[in-house]
Each structure stands twice: as structure tokens, then as C-alpha cells.
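Okay, structure first, notes after.
The values are calculated or read from the model by the stated rules, or taken from the named source; none is laboratory data. All values derive from a computational prediction rather than experimental measurement. No Cβ is skipped: glycine too gets one built from the backbone with ideal geometry, and neighbour counts run over all protein chains shown. We work out accessible area using only protein heavy atoms, side chains counted, and drop any ligands, DNA or RNA first. Shrake-Rupley method; radii C 1.70, N 1.55, O 1.52, S 1.80 Å.
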Amino acid sequence: MYYYRLHIFLCIDLLFSFSATAQQASQFEKQADEKLSSYAFDEASTLYRRAHDVSNDSFFKTRMLEKIAQCDNGLQMLSFACQPIVVASKKVPRNNFFQYYSHIDHDRWAKLSSGEIVSFSPDMKTLFFSQDNQGQRDIYTSTKINDTLWSTSTLLGKEFLSSKNEIMPLVSFDGKKLYYSSQGLFGMGGYDMFVSEWNENSDSWDEPQNMGFPFSSIGDDFLFSDTPDGNFSILASNR
């Protein structure tokens with residue numbers, strides 16, 4: 001009888017200890033998220049490490065390591081940040097935000113029933129789109145053969161791949177830059193903006209580069225585009 005009662009008390013004590021540890025880890029993460037929201041990457045990283053160290057949950061610890069990496073990336077990206085002048089901003093519906101890009105002809109892109117956006121090169125001869133590839137979305141292309149026939153879709157290139165999603169490709173008006181959003185390549189969190197330049201010597205797209213802060217943020221950033229005259233740039237974000 002005494003042994004049975006001692007066993008119950010021990011389980012309760014262990015359960016309380018586990019709960020307290022999880023609560024402490026959650027508090028550290030919440031504090032870190034607040035620091036991250038103000039781009040205080042150093043302080044956020046320290047708090048994420050504390051959350052990682054006190055937690056016994058392997059999935060939680062993995063998430064903290066990912067956030068620590070995002071903080072490290074953010075610190076590096078701030079070192080080459082620029083300061084564009086924001087001349088206007090507007091809140092628009094998420095499901096059709098691309099329709100507010102009035103500087104781009106409507107025949108340059110379309111929205112599929114799946115919600116994905118597909119876009120054409122300026123000469124309308126190459127199609128860019130995001131497609132599911134073994135559980136994640138990657139950038140594919142297809143080339144126009146004649147008025148009714150297009151080539152089989154192919155992956156844009158291994159340098160564009162990551163362990164997460166790549167979506168919403170859009171080519172610049174001069175056809176020399178490809179912009180898209182990546183969730184898994186080097187960045188500070190969420191979907192970051194990337195750009196790849198067309199290499200005429202190799203006849204291919206160069207390795208994509210993160211556009212840096214403030215075009216990329218800790219939120220989700222999509223569809224960067226310069227206006228045809230090159231005087232203004234537009235992007236969508238939930239930051």
C-alpha cells in the first residue's frame with residue numbers, strides 16, 4: 001500500500017516538473033518571438049537557445065534550432081541592408097493581391113484553381129510556375145514550341161531547390177532578372193525574396209541571391225517587381 005502511494009506521488013512530481021519545463025521553454029520562445037518581431041536578432045537568438053536548452057521535446061528543440069539559424073541569417077543580411085523610400089502602401093485581399101499590380105499586363109500571368117500564380121517571360125515564350133515535387137513546391141519552366149504546343153515542364157535548377165517551398169516566380173520587364181519567394185533557402189524567416197540574373201554566356205539563370213532587408217523580412221514576402229520605367233518597385237508582404 002505504501003509503495004503504491006509513493007509511486008503515485010512520484011508520477012505527479014515528474015509530471016509537474018515536465019509541465020514546468022515546457023512552460024519555461026514556451027515563455028522563452030514567446031520572449032524571443034517578440035525580439036524577433038523588432039529585428040533584435042542577437043537577443044532573440046539568445047532566448048531561442050535558452051528555450052532549446054530547457055526543453056525535453058525533440059520537435060520543439062528542432063524548431064528552436066531553425067529559428068536560431070534564421071536569427072544568424074538575419075544578422076548577416078542586415079549588414080548589407082538598404083533603405084528604400086516607401087512612397088505608398090495599401091492593404092489588399094490576400095486571395096487576389098496580384099491583381100493590384102496594375103503596371104503588369106494581365107496576359108503576363110494567371111492564377112490557377114490551386115491558388116498558384118503562373119507567369120510568362122516578357123516575350124511570352126517561357127512559362128514559369130511552382131509545382132508540387134515530392135511534398136514541396138519548386139520552380140518549373142516550360143518553353144513555347146508553337147501556337148498550341150509547349151515543352152514538357154522541367155525544374156529550373158538544383159541551385160533553386162531547398163528543403164521547403166519555392167513559389168511565385170516573376171521575370172523582370174527586360175527579361176534579365178527572375179524574382180521568386182523561397183521558404184527554405186538562406187533567409188531570415190518565412191518566405192524571403194530572391195533574385196536570379198540571366199547569364200548570356202552560359203545561357204542559363206545564375207545562382208539566386210537573397211535580396212536582403214527590407215525586401216526580405218521575418219514575414220512572408222512575394223512578387224517583387226520594378227515598374228517599366230525602373231523608377232519604382234512593388235512587393236507584397238504580410239510583415
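Numbers for the structure displayed
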{"item": "The listed residue being within 30 Å of ALA32 (Cα to Cα) and either free of Cβ contacts under 8 Å to residues at least 60 places away in the same chain or not aromatic (Phe, Trp, Tyr) (or both), out of LEU223, LEU170, LEU155", "result": "LEU223"}
{"item": "Any hit, the stretch 57-78, residues being closer than 22 Å to ASN238 by Cα, surrounded by fewer than 16 Cβ atoms within 10 Å (Cβ to Cβ) and in contact (Cβ under 8 Å) with a residue 60 or more places away in the chain", "result": "yes"}
{"item": "Output for the stretch 177-189, where each listed residue is at pLDDT below 90 and not in a loop (DSSP other than H, G, I, E, B)", "result": "none"}
{"item": "The one condition in (1) closer than 20 Å to PHE194 by Cα; (2) surrounded by 13 or more Cβ atoms within 10 Å (Cβ to Cβ) that SER163 fails to fulfil", "result": "(2)"}
{"item": "Filter pass, GLY219 being farther than 12 Å from TYR180 by Cα, modelled with pLDDT of 90 or more and open to solvent by less than 30 Å² (accessible area, probe 1.4 Å)", "result": "yes"}
{"item": "Qualifying position, being in contact (Cβ under 8 Å) with a residue 12 or more places away in the chain and either more than 25 Å from SER89 (Cβ to Cβ) or under 12 Å from the mean Cα position of the chain (by Cα) (or both), among PHE213, PHE194, PHE232", "result": "PHE194"}
{"item": "LEU47 in a helix (DSSP H, G or I) and either of a type in the set (Ser, Thr, Tyr) or without any contact (Cβ under 8 Å) to a residue 24 or more places away in the chain (or both)", "result": "yes"}
{"item": "Selection count where residues are modelled with pLDDT under 85 and not in a helix (DSSP H, G or I), scope the stretch 52-84", "result": "6"}
{"item": "Qualifying residue in the stretch 190-210 (condition: touching a helix residue (DSSP H, G or I) at 6+ places or on another chain (Cβ under 7 Å), at pLDDT below 95 and at positive phi)", "result": "no"}
